[in-house]
Structure formats: C-alpha cells, structure tokens
Number of protein chains: 2
Amino acid sequence: MAGSSAETIIGIDLGGTKVYGVRTDADGGVAAESKSKTPVQGGPLGVVDAIAEVVRELAEGATGGRLRVGVGAPGVIDTDRGVVRAAPNLPGWSEPFGLGEALAEALDGASVVIDNDVNVGLLAEARVGAAQGEDDVLGVFVGTGVGGAVMLGGKLRRGPHGMTGEIGHIVVHPGGRTCGCGGRGHLEAYAGRAGMERRARELESTGRPTVLTELAKAKRMTSSVWDKAIAQGDDVAIHLIDDAVEALGYAIAGVVTVLDLPLVVVGGGLADRLGPRFVGRVEQAVRSQLFAGTRLRVVPAELGDRAGALGAALLVT
Amino acid sequence: MAGSSAETIIGIDLGGTKVYGVRTDADGGVAAESKSKTPVQGGPLGVVDAIAEVVRELAEGATGGRLRVGVGAPGVIDTDRGVVRAAPNLPGWSEPFGLGEALAEALDGASVVIDNDVNVGLLAEARVGAAQGEDDVLGVFVGTGVGGAVMLGGKLRRGPHGMTGEIGHIVVHPGGRTCGCGGRGHLEAYAGRAGMERRARELESTGRPTVLTELAKAKRMTSSVWDKAIAQGDDVAIHLIDDAVEALGYAIAGVVTVLDLPLVVVGGGLADRLGPRFVGRVEQAVRSQLFAGTRLRVVPAELGDRAGALGAALLVT
C-alpha cells in the first residue's frame, strides 16, 4: 500500500524501567519490536538518546519514507506542545521538558507526537483492541497504581491540565485507606497493587497470616504473586481483591453514570494477570450500582504490554 | 438586527408544576415571559396544548418571522429525534412520546428542539450566565434532587442513553443513606432537598429537636425553610447542610478529577437560596480533594429560575 511504503511509523512506550518500541505495518499490527532499559542517569537527555536508539533500530528494517514517531510517556503531558510537564516515575525529570522537540532533533527532523501512556493504551484498545467500533469508552488500567483515560466521540479527552482520566484518585471510601498521593479513600489505595501490598503487610502485622509475603519473598507483590495467593485460597488476598473489585465498581459506576458511557475496558498488569473472571466481577460490581436497563459492557483489554507502544504508533498513523 | 426580525425565538421550561416560557431578544435576553400550569390531566397531549398556548402568547408580541421553539423537559430525552423517553415527574407520561413532532404540528410547522432541563440550564449558564467563555464545564443543580450536566469543548454531552450528567446518583458513601431511587449512599440522598428532609424527620423522630418541621408546617421543607433554620442556628439543619457540602465535594471532585475540568457551576433552588456562601463552601470541599495546583473554580449559577427557558431558547438560536 502507498501509505505504508511512504512512511515509517514507530510507537514508543516510555516506562520507568524500559523503553519498548514497535514499528507497525499498514494494518496497525506489529512489524518489528525492540527495547532497551530506561537510563537511570542522564535525565531527560539520556532518555532521548535511549528512545532515539530504539527508533533507529526499528527504522533500519523499514522500507523508508518519512519517519513518524509516537511516544506514550508516564506523567502529565502537553500533547499540543510535545512537553512532558511532570513525570514523577522517570528518573531525573524534575522540570517540564520538551521531549517532542528534543526527540525530533535527535532523529533529524522526524515528526514526533507525545501523549500520556494511559491515553495511548486506551487509543490502542479503541482502534485495534477490545473497544473497536465504540466512540465513547472509559479505559481503566490496574497495575501498581490505577490509571484511567476517557475517549468521547472517538477522540481522547486530554483536558486543560492534561490530567483527564485520573480515576485512581477518585474517593471511593471517604476517610478510608491512605493513598500513595496522601489522599484518603482513593480508588488506587484499594485497587492498585502498591496500595494492596501496603494493606496486606498491615494486616499481616496485626496477626492475619497470608502467603502473599512468602510468595513475594523479599520483593514486591507482583501480579503473579496475587494470582498464586488467590489460587491457594489465601484469605487476605481474597479479601483484598474483593475490596478492589468493590472499589472499582463504585468508581467506574460513578464515571459511567455522569458520562453515560456504554463501554469500559479494564486492563493493566494486575487485571491482565487475573484475567476475564476478575473483569467480569468488576462488571457485576459496576452494574449493581447503575439504573436498571442501562446498557453497559465492561471488557478485558486485549493488547496487554503492547498496548502502549501500539497506541503511541496510532498517534502518528 | 436581521437575525432578530427574521425569526421568533422562544424557550420553554417544562416542569412538573408549571410551563414557563420566554421570548428572547437578539442578545439572548428576555423580551417577554409567560407561564401556565402543567395540566395534571390529559397526559402528553394536554401538555402539548399548554405549551402551544404559552408559545402563541409569547409570539403575539414578536415582529414575526419563522417561529423556533426550544423546550427543556425533565427526564430522559432523545434530542436527535425530539422524543421524551421517560419523564417520571410529568403526570401521565408513562411511555416515550414524540414531543418535538407533536408540538411542531400544534404550532403549524414551527421548528422545535427538545433537550433535558438540566442540560439547557447549563447551556444558559455557559452562554449568558456564570460560565461564559469556558468550554469545559460541569453544572450541578441542587434542588429537590441533584441534577448535573456536562459541557465539553463547548458542546453539551448527551450520551447514548441521553443520560449524561446524573451526578445525583454517584455513590459518595458506600452503604450510606437510601436514595429516592433505591440506591445507597448517592449524592442526592445527602444534597437533594427531598433526601435531606427525609433525614431531618428521621433525626427528629429519634429525639433530635429541629425547627425545620415547625417552619415547614405540614408542608415540604422548602429551600427557604432550610435557609431560615440555618439562620436560627438549628443544629439538625446545620449538620445536614454540612453533610450536603461534604457529599457535593466528593462527587464533584470525582468528576473534575476524571474529566480535568476547570469550572463547575452550582445552581438550583437550594443553592440559589443559600447563596454564594454555600457555593464557596462547596468549592472548598472540592478543592480539599484535588491535587495541589489544580486550577478549579466553583461558581454560583447566575440565571436562577430563568435558566431553563433561556437555555431552551439557546437550543434554537
């Protein structure tokens, strides 16, 4: 096809630990992939170099043509200006940084578009994943924290602060568990892996035995640790997942009620690992809060780890 | 101006007890107003007659030209098709009814547009009231219940079920007070006058004295009753208004957090009566839940009782 040979489309998922990139084909599928570690030294300029290297590697195998690069980055993004305004999860990014311009320069004038990583994840699910054909979608990504993104009328909503979708910081239990951000009762404190781990260790320290700490060894409680603990019938794990499902139910129902949305996609490391059964429970929890007769589907994300890079590529497709 | 002489623009606020209409001038101000009772007999066709009569009266004094009528109606509206899909507060409307077509016919082919009453209220505040110049606005209307409407990018969001904005039915206190809709812990149970009255009578029956019942006599606790009770330092009234402010804070903060909105307009009978001090307290409650540095204003609605009719006129302006 003319489009595919005239342009080389690359999507980059910039994470706190790795830079993962794909080159996409004419159908938006993965033609090639590559990754490297996110440099812990060197701040934004070091990251620009690392991204540029991944891009060059991916571009090598391409048929040529204009190079277009989309980047999904964690934090608050000004998409219009290509600026990462705040990125607490990237090492050494203490100030707003014009990632778009710096990367375009490093790549000899390639066109570069940047957006929030959660936004591009939803974009991918909407175009080539679980939410195809739906214009109005809420995306909820359950991992270490809980991220969200909103598509309305087929377009991602970004908002004047570039902060649309922060569903993790909705209050679901007034005065409840303390969130990583310092707030009380936020969804993320109940349904994010970090908050759930804090709570599990608290419960254990008050005499509630759990296999979670043992399975985690001296490390973090990964999604796989939670999955195994549930499979073993661990009371604490089951109880905390129940709480997470309930909290997701309240928060998602609130958003669906205010925006009248027909579809919610639930993804992220924890949801992917726990699978369709978990998402089905979330769907039931949401529905139990809605008016009878409201049509709503809550479906599992389909693209897993690749959603970010695929969605980033869609920014420039 | 050419526009004003070529067309006669009329806005109708269809309520459960009265039909209130305005003819607007070229600047969107009120050129004439008229009202009649909403007929309790005759169902939808009776209402069509009542609206048509108000429209004819308003049109009489106009310079002529094409007649255009906007209607704000309570309930679930399919704006594209001019259908009132459900209107529990209108007598005898047990089925979906094509109000737009019926009214156009009764008015000899006038063009008619219908929308939800809360939507048109926000439209009026956005165009000629408290939210002028802002494209992204949440409107919250606190009266017997709590209604909401959402404007994004300068356009009202309606949603596939025509139910966008139902902020009154967000859960703010899981397992909390029972809402008129049967749900638990909804905003409306804490901040709607009907829910607050139920709670006040409950508290009184358990030995908490209050002047609210006395002020209400054998009738409903109107906004003026609440205002007077607070002025007299009534403990129950003050406590319930505190709860309402807190609940509005949680619900509005949730919506603002997910949609990244810069402005919220708070109106409706109770908010209008309690005035800017009440809205200022709501603003503080919302801000206390947001990330530091988020720019957000919560402002009182400016158009009072006329917002519905003025907004309805804007549907056809």
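Observations, loosely collected:
- Any hit, the stretch A:228-242, residues being within 19 Å of B:Val255 (Cα to Cα), more than 10 Å from chain B (Cβ to nearest Cβ) and either touching a helix residue (DSSP H, G or I) at 6+ places or on another chain (Cβ under 9 Å) or assigned to a helix (DSSP H, G or I) (or both): no
- Filter result (at pLDDT 95 or above and surrounded by fewer than 17 Cβ atoms within 10 Å (Cβ to Cβ)) within the stretch A:171-183: A:Gly175, A:Thr178
- Sub-9 Å Cβ pairs linking a first residue in the stretch B:144-158 that is more than 9 Å from chain A (Cβ to nearest Cβ) and over 30 Å from B:Arg220 (Cα atoms) to a second residue that is of a type in the set (S, T, N, Q) and surrounded by 21 or more Cβ atoms within 10 Å (Cβ to Cβ), at least 6 apart or interchain, are B:Met151/B:Asn119; B:Leu156/B:Asn116; B:Leu156/B:Asn119; B:Leu156/B:Thr164, ordered by first then second residue.
- Among the residues listed as A:Glu283, A:Glu246, the single one being closer than 30 Å to B:Gly183 by Cα, touching a Phe, Trp or Tyr at 6+ places or on another chain (Cβ under 8 Å) and part of a helix (DSSP H, G or I): A:Glu246
- Being within 17 Å of A:Gly159 (Cα to Cα) and either assigned to a helix (DSSP H, G or I) or out of contact with any strand residue (DSSP E or B) (no Cβ under 6 Å at 6 or more places or on another chain) (or both) is not true of B:Ala271.
- Test: residue in the stretch A:200-216 that is touching a helix residue (DSSP H, G or I) at 6+ places or on another chain (Cβ under 8 Å) and either within 12 Å of chain B (Cβ to nearest Cβ) or at pLDDT below 95 (or both): no
- Some residue of the stretch A:16-28 being of a type in the set (A, V, I, L, M, F, W, C), touching a residue at least 24 places away in the same chain (Cβ under 8 Å) and buried (at least 16 other Cβ atoms within 10 Å of the Cβ): yes
- So A:Asp108, is it assigned to a loop (DSSP other than H, G, I, E, B) and at pLDDT below 90: no
- A:Val264 falls short on exactly one of the conditions (1) more than 22 Å from the chain's Cα centre (by Cα); (2) surrounded by 23 or more Cβ atoms within 10 Å (Cβ to Cβ); (3) not in a helix (DSSP H, G or I), and that condition is (1).
- Residue match in the stretch A:122-136 (condition: more than 14 Å from the chain's Cα centre (by Cα), touching a residue at least 12 places away in the same chain (Cβ under 8 Å), outside any loop (DSSP other than H, G, I, E, B) and more than 12 Å from every other protein chain (Cβ to nearest Cβ)): yes
- Considered as a group, the residues in the stretch A:35-45 that are in a helix (DSSP H, G or I) and within 23 Å of the chain's Cα centre (by Cα) include one that is surrounded by the fewest Cβ atoms within 10 Å (Cβ to Cβ), and that residue is A:Gly43.
- Against the conditions (1) touching an Asp or Glu at 6+ places or on another chain (Cβ under 8 Å); (2) in a helix (DSSP H, G or I); (3) farther than 16 Å from A:Ala253 by Cα, A:Arg158 satisfies every one except (2).
- When the stretch A:87-115 is filtered for residues that are under 17 Å from the mean Cα position of the chain (by Cα) and crowded, with 19+ Cβ neighbours inside 10 Å, the ones remaining, listed by number, are A:Ala87, A:Leu90, A:Ile114, A:Asp115.
- Residue in the stretch A:268-289 that is within 14 Å of another protein chain (Cβ to nearest Cβ) and either at positive phi or crowded, with 22+ Cβ neighbours inside 10 Å (or both) present: yes
- Odd one out for A:Glu95 among (1) acidic (Asp, Glu); (2) modelled with pLDDT under 95; (3) closer than 21 Å to A:Val146 by Cα: (3)
- Residue ID - farthest from B:Leu314 (Cα to Cα), chosen from residues in the stretch B:46-73 that are part of a helix (DSSP H, G or I) and small (Gly, Ala, Ser): B:Gly46
- Residue, nearest to A:Val120 (Cα to Cα), within the stretch A:274-285, restricted to residues that are among the hydrophobic types (A, V, I, L, M, F, W, C) and touching a strand residue (DSSP E or B) at 6+ places or on another chain (Cβ under 6 Å): A:Val279
- B:Val256 being more than 12 Å from chain A (Cβ to nearest Cβ) and of a type outside the set (Lys, Arg): no
The values are calculated or read from the model by the stated rules, or taken from the named source; none is laboratory data. Since the model is a prediction, treat every value here as computed from it, not as a measurement. Cβ sites come from the backbone with ideal geometry, for glycine too, and all protein chains shown count toward neighbours.
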